[in-house]
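Structure, as structure tokens:
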Amino acid sequence: MKTIKFLFAGISLLLLVNGFNTAQTEIKMKRQIEKNIQTTYTAKINLNYLLYLPKDFDSKDKWPLMIFLHGSGERGNDLELVKRNGPPKLVEEGKDFPFVIISPQCPNGTRWKTEPLIALLDEAVKDYKIDTNRIYITGLSMGGNGTWKLANEISNRLAAIIPVCGWGDSFTICEIGDLPVWVFHGKKDPIVPIKKAQDMVDALKFCKGNVEFTVYPDAGHDSWTETYNNPEVYKWLLEHTRDQRKDLKENWN
């Protein structure tokens with residue numbers, strides 16, 4: 001029995017050595033060899049958020065969804081911070097909206113990442129009677145950046161976006177196709193220079209994107225108060241639906 005075990009061990013070792021030598025020879029011949037990996041991974045998502053449901057929520061089967069992304073000053077684990085600006089602030093002050101509004105809170109020490117936000121969107125669609133033809137993203141400063149990033153990732157799921165005093169990647173933004181975009185920025189912004197927004201707008205115009213740009217000539221970084229207090233902003237959002245987009249009709253996915 002020992003002889004057989006030794007024999008099998010020797011054969012295994014020989015095969016291993018031969019396989020190693022073959023791989024070494026292949027690498028030496030080609031310097032680099034082509035490989036492929038196919039796998040899956042999962043990530044744990046832990047994201048706190050505020051939920052606003054219209055007062056007559058039960059009267060309809062489907063509702064538009066607005067996701068609001070706050071700026072860097074509201075990060076943490078205290079959702080009261082998220083109520084400082086934008087739609088969550090207006091809701092606390094008594095304003096009614098014709099949207100389901102979800103306002104997540106970005107954890108400390110990080111910026112908005114698309115994976116948790118997409119997971120949150122999936123949960124919202126499943127749980128809150130969302131009209132998937134009317135999904136809108138808006139955010140300010142760091143949230144404006146998050147808005148641009150989400151548009152890059154899931155533009156085919158969106159009806160329109162409004163980035164406020166944000167910044168993005170002008171080299172990739174044409175990937176959003178004809179997704180309607182309304183950009184807001186203060187001309188005197190010392191935190192996120194207006195050039196950051198102008199670069200995004202110029203890139204979209206170059207590739208014939210669907211973009212509008214509003215500049216507040218006397219505003220600094222706070223271009224969000226005037227924006228979110230403007231009823232035309234919400235009217236503009238509701239004027240856009242996903243099925244109006246020509247790029248998706250040509251290549252629906």
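The values are calculated or read from the model by the stated rules, or taken from the named source; none is laboratory data. Owing to the predicted nature of the structure, the values given are computational and were not obtained by experimental measurement. Backbone-built Cβ (ideal geometry, glycine too); neighbour counts: all protein chains shown.
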**Report entry** Condition check for GLY139: at pLDDT below 95 and either touching a Cys at 6+ places or on another chain (Cβ under 9 Å) or not charged (D, E, K, R) (or both)
**Finding:** no
Query - Filter result (buried (at least 24 other Cβ atoms within 10 Å of the Cβ) and either of a type in the set (A, V, I, L, M, F, W, C) or part of a helix (DSSP H, G or I) (or both)) within region 159-172 - result: ALA159, ALA160, ILE161, ILE162, VAL164, CYS165
Query raised in the report: Among the numbered criteria (1) within 12 Å of the chain's Cα centre (by Cα); (2) farther than 23 Å from ILE101 by Cα; (3) of a type outside the set (S, T, N, Q); (4) in a helix (DSSP H, G or I), which single criterion is violated by LEU150?
Result: (2)
Report task. Return the residue satisfying two criteria in turn: it lies in region 208-239 and is touching a Gly at 6+ places or on another chain (Cβ under 9 Å) and aromatic (Phe, Trp, Tyr), and of such residues it is surrounded by the most Cβ atoms within 10 Å (Cβ to Cβ). Result -> TRP224
**Report entry** Hey, SER103 free of Cβ contacts under 8 Å to residues at least 60 places away in the same chain, touching a strand residue (DSSP E or B) at 6+ places or on another chain (Cβ under 9 Å) and not in a helix (DSSP H, G or I) or not
**Finding:** yes
Report summary line: Contact list, first residue from region 106-125 and farther than 15 Å from TYR136 by Cα, second anywhere and among the small types (Gly, Ala, Ser) and modelled with pLDDT under 95, beta-carbon distance below 9 Å, six or more apart or interchain, is GLU115/ALA43; PRO116/ALA43; ALA119/ALA43
Query raised in the report: Which residue, of LYS205, LYS196, LYS187, is farther than 19 Å from TYR136 by Cβ, of a type in the set (Lys, Arg) and buried (at least 16 other Cβ atoms within 10 Å of the Cβ)?
Result: LYS196
Report task. Can you give me the number of residues within region 96-126 that are within 11 Å of the chain's Cα centre (by Cα) and β-branched (Val, Ile, Thr)? Result -> 2
